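Below: the structure, in structure tokens.
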Amino acid sequence: MSRGTSRPVGSAGDGSTPPVVQERGPAAGLRVALVHDWLTGMRGGEKVLEAIAAHLPGAPIYSLFAFPETLSEALRRHPIHTSFLQGYPAIRRHYRHFLPLFPAAIESFDLTDFDLIISTSHCVAKGIVPGPGAVHLCYCHSPMRYAWDQEHSYFPKRRGPVARARNLILTALRSWDVASIPRVDRFAANSSFVAERIRRYYARDAEVLPPPVDVEGFTAALQLAGDDPGTADAAAPGAEGYALAVSALVPYKRLDLAIAACEAAGIDLRIVGTGPEQARLERLGGARTRLLGRVDDEELRRLYRGARFFLQPGIEDFGIAAVEALASGTPVVAVDRGGVRDIVEDGVHGVLYRGSEVQDVAAAIDKFAQIGFNKLKLMERASSFSSATFDQRFEATLVRTLERHAELRAYPRTEAR
């Protein structure tokens, strides 16, 4: 099952045991492998993997590298196999520097013993090489942003020998990314926005399958706090409170716009998250801006409940934090681009604005102040993205994938899928 590059980590087995045959569900009777780019924490992508893995007990997980202590107990129960990259001491702190090796590392896994491969990919996991006759379903969080339409947001420095070398690497990465597309039998995307990016860069259709969100946890916290969602308005006109942003502190999230707009509007802004932009954002922020860093789950729920509105000035592939805000009874003010358009109806669940300047955000905040939002409607909208809903949609997607593959094998076609 391995070419010698697959390294078991954590409490997984030694890599020599045969694949587990699934006993129930749509994949019953099949040997299933899960593939994920890398396992370094429990962010949105890892929570999707966790939800998928729950349908496939015992299925091994193949990942470029993994830090088991950062993962949930549910993921650690699965055998985890890593590539040759796991052996590099610098991988923990500088894994992004190994990007040129990622395609070779993902291709080094030997999955010829498996009938079904499910990859969750935002980088190279979709490029896994399936065995003959295997079905490959890819849950695509996004085609590689830094290799395609957001290269200059991630890498603002465009001149000099380092920039030229990077451009050559990204050109090669794009070529490999396109060449590996036929290895996927079916794409699922986390939003309509990502489905459109898959069509643009991969020339393939994708089924929209929103990720699971712990809606119940945020809704329960709201009810325990004593709010009556059936009668209370969320941030009625003139209400006091603060704006909240929950985001990685990186340039493309455009938190600089949030800071400037809230300062101009005289509204307090609290930002949850960490990242390389922290020092710059601290310099930009005035007396009304507070960068809170990383907070625990209880504090995050409290912050959502207490916010006047949730502010999202950056373009998100989906927008889990926006759903968490709605589940907490908090409206959303966001740029009218990206995955948030699947979540928020303008004027019903918040305000969507066009443009990318400070005055555009400020105008949206002014518009928000004239509208009352009912918490019950916000929570009802959030419920459509619950974990239970994801489970139902995922099983239906898996059934369609396996049925379609069976049709293609029974009646081979010559045209491209």
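The values are calculated or read from the model by the stated rules, or taken from the named source; none is laboratory data. Quick caveat, the model's predicted, so the values are computed rather than measured. Counting neighbours? That spans all protein chains shown, and the Cβs are built from the backbone with ideal geometry, glycine included. Note: accessible area is taken over every heavy atom of the protein model, side chains too, but ligands, DNA and RNA are not part of it. Shrake-Rupley method; radii C 1.70, N 1.55, O 1.52, S 1.80 Å.
In table form, for the structure just shown:
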item: Condition broken by Tyr252, with the remaining ones in (1) open to solvent by less than 20 Å² (accessible area, probe 1.4 Å); (2) in a helix (DSSP H, G or I); (3) not hydrophobic (A, V, I, L, M, F, W, C) satisfied; result: (1)
item: Odd one out for Ser386 among (1) closer than 29 Å to Val208 by Cα; (2) open to solvent by 20 Å² or more (accessible area, probe 1.4 Å); (3) hydroxyl-bearing (Ser, Thr, Tyr); result: (2)
item: Count of residues meeting criterion [surrounded by fewer than 24 Cβ atoms within 10 Å (Cβ to Cβ) and aromatic (Phe, Trp, Tyr)] in region 314-330; result: 0
item: Region 387-406 residues that are within 23 Å of Phe318 (Cα to Cα), paired with ones that are open to solvent by less than 60 Å² (accessible area, probe 1.4 Å) and among the acidic types (Asp, Glu) (beta carbon under 6 Å, 6 or more apart); result: Thr397/Glu207
item: Among residues of region 279-313, those that are part of a helix (DSSP H, G or I), open to solvent by less than 50 Å² (accessible area, probe 1.4 Å) and free of Cβ contacts under 8 Å to residues at least 40 places away in the same chain, counted; result: 1
item: Residues that are closer than 15 Å to Ala165 by Cβ and at pLDDT below 90, drawn from region 89-105; result: Arg96, His97, Leu99
item: Single match in Ala416, Ala382, Ala396 (criterion: among the small types (Gly, Ala, Ser) and at pLDDT below 95); result: Ala416
